[in-house]
Amino acid sequence: MAKVFTRSDSPYWFARFTNRYGVSYKQSTKVMDNGTKRAEQEALEVAINLESKERKLKDNALDFSDLLQAIDGLQASQKDMLAIALADHMPKSAQSVTLSITIEEVRKEWIEVMGNKKSDRWLTDERLYVNRFLKFIGSDKPIGSVTVKDINRYISEAENDGKAPWTIINYLKKVIQLFDYAFSVDYVTKNVCKFAKKPTAETTNEFVYIPDDVLDDVISTAKNTKDKIFWTFLRYTALNPKDVSFLKPDQIEKDDVGTGYHINGERAKNGRLQRIPIHPKLQAYLDNQHDDCFNLFPHPSARQRSNRRFQAGLKKHNVNSTLGKLRHTCLTNLLNTGMSLDEVSIIAGHIDTKMLKKVYILHTDQIKAAEGIRRLK
């Protein structure tokens with residue numbers, strides 16, 4: 001019976017199944033180990049299909065759906081070779097479809113067509129969101145080889161990095177438009193983005209404030225030193241997990257005035273400048289374990305495992321939150337100290353103060369309102 005397992009030297013789930021010769025066989029499912037049940041179930045489905053295909057090969061009973069599954073498992077270059085080989089056997093009406101054009105080539109063509117019709121803001125958003133997608137998927141990947149599974153993995157990575165549902169939906173908007181264009185000119189047979197499992201836009205529990213005493217206990221009792229450093233960075237910088245993972249030593253700069261230090265860099269999300277003073281607890285780690293403070297959990301699956309350990313610590317205090325939401329706690333605490341919205345927006349890397357007013361200030365306002373009510377006679 002087909003099973004799945006993970007390995008410490010790979011970010012993917014692996015399948016264990018019996019091949020056509022009756023021998024136990026292991027093979028990568030190409031499903032990312034992001035720590036979710038959905039990914040494990042997807043990997044198990046791949047494993048079951050692989051074993052089923054082996055049985056059919058033994059019985060010489062492969063059908064067209066099995067062939068499609070086999071093609072889906074090929075590398076991009078192998079798909080190109082297969083497409084070229086099949087082109088001579090395709091009807092003339094179908095040969096007009098370009099099978100090997102890359103995503104980047106389609107994107108350049110799309111921008112050339114749409115550029116004069118769109119605003120500068122649209123073009124800026126296009127560069128931000130499509131570049132992010134290309135970095136994940138590979139700009140030289142043939143657009144016709146992108147699958148629904150690829151889009152689901154892209155969404156899963158954003159979720160694992162603590163991105164809010166509406167943020168992920170914004171990531172997808174320009175990518176969906178790009179595939180709409182590709183579909184309109186027959187580069188693809190369908191827009192795979194529209195068949196992906198979109199994140200829910202429900203935000204009722206999106207932000208959960210984590211009290212200081214809870215964080216003190218969870219961080220101090222962590223068994224993994226890297227977890228302690230990683231969580232302390234998130235607690236006192238308002239950075240996202242991915243930004244902390246790729247923080248570089250040269251971003252730690254000495255203050256122009258005084259003897260302190262700050263983090264100088266840009267948000268991965270929008271390129272907005274961030275200048276973040278370094279908290280004494282974080283400075284202690286930088287002083288004592290400098291090299292260990294960088295390149296923390298660079299792979300999404302490693303960050304997700306750290307996130308699971310963090311969540312387990314929070315559950316002991318009946319708090320349901322994630323590492324990605326430590327950003328909210330940090331910004332809320334800054335507002336509680338009396339810092340202005342403009343000052344906090346610089347640390348947050350926000351373009352303006354709208355998000356602070358809409359979301360982060362709610363907790364602060366509730367505290368102030370409660371204090372005001374208690375003062376009434």
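In the set 151, 169, 143, which member is more than 21 Å from residue 12 (Cβ to Cβ) and surrounded by 21 or more Cβ atoms within 10 Å (Cβ to Cβ)?
Values: 151 fails: more than 21 Å from residue 12 (Cβ to Cβ); 169 fails: surrounded by 21 or more Cβ atoms within 10 Å (Cβ to Cβ).
The match here is 143.
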> What tally of residues in region 2-45 results from selecting those that are hydrophobic (A, V, I, L, M, F, W, C), in contact (Cβ under 8 Å) with a residue 40 or more places away in the chain and more than 20 Å from residue 161 (Cβ to Cβ)?
Replying inline: 3
>> Please go through (1) in a helix (DSSP H, G or I); (2) at pLDDT 80 or above for residue 366 and return the number of the only condition it doesn't satisfy.
In response: (2)
>> Can you report the number of residues in region 317-350 which are in contact (Cβ under 8 Å) with a residue 40 or more places away in the chain, part of a loop (DSSP other than H, G, I, E, B) and open to solvent by 10 Å² or more (accessible area, probe 1.4 Å)?
In response: 5
> among the basic types (Lys, Arg) and without any contact (Cβ under 8 Å) to a residue 12 or more places away in the chain: does that describe residue 190?
Replying inline: yes
> So which residues in region 125-140 are surrounded by fewer than 21 Cβ atoms within 10 Å (Cβ to Cβ) and among the aromatic types (Phe, Trp, Tyr), if there are any at all?
Replying inline: 129, 136
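Test residue 311 against the criterion of being surrounded by fewer than 19 Cβ atoms within 10 Å (Cβ to Cβ) and either part of a helix (DSSP H, G or I) or out of contact with any Phe, Trp or Tyr (no Cβ under 8 Å at 6 or more places or on another chain) (or both), and give yes or no.
It is true that residue 311 is surrounded by fewer than 19 Cβ atoms within 10 Å (Cβ to Cβ) and either part of a helix (DSSP H, G or I) or out of contact with any Phe, Trp or Tyr (no Cβ under 8 Å at 6 or more places or on another chain) (or both).
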> modelled with pLDDT under 65 and either open to solvent by 60 Å² or more (accessible area, probe 1.4 Å) or more than 30 Å from residue 297 (Cβ to Cβ) (or both), is that true of residue 113?
Replying inline: no
> Out of region 172-187, which residues are modelled with pLDDT under 85 and surrounded by 14 or more Cβ atoms within 10 Å (Cβ to Cβ)?
Replying inline: 185
> Given (1) over 24 Å from residue 232 (Cβ atoms); (2) in contact (Cβ under 8 Å) with a residue 12 or more places away in the chain; (3) not basic (Lys, Arg), where does residue 184 come up short, assuming only one miss?
Replying inline: (2)
> Which residue pairs have Cβ atoms closer than 6 Å, lie 6 or more positions apart in sequence or on different chains, and pair a first residue in region 121-144 that is over 20 Å from residue 183 (Cβ atoms) with a second residue that is open to solvent by less than 40 Å² (accessible area, probe 1.4 Å) and part of a helix (DSSP H, G or I)?
Replying inline: 136/154
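The values are calculated or read from the model by the stated rules, or taken from the named source; none is laboratory data. Keep in mind it's a predicted model, so treat the numbers as computed, not measured. Quick reminder, even Gly has a Cβ in these numbers, built from the backbone with ideal geometry, and neighbours come from all protein chains shown. Just the protein is used for accessible areas: all its heavy atoms, side chains included, with ligands, DNA and RNA removed. Shrake-Rupley method; radii C 1.70, N 1.55, O 1.52, S 1.80 Å.
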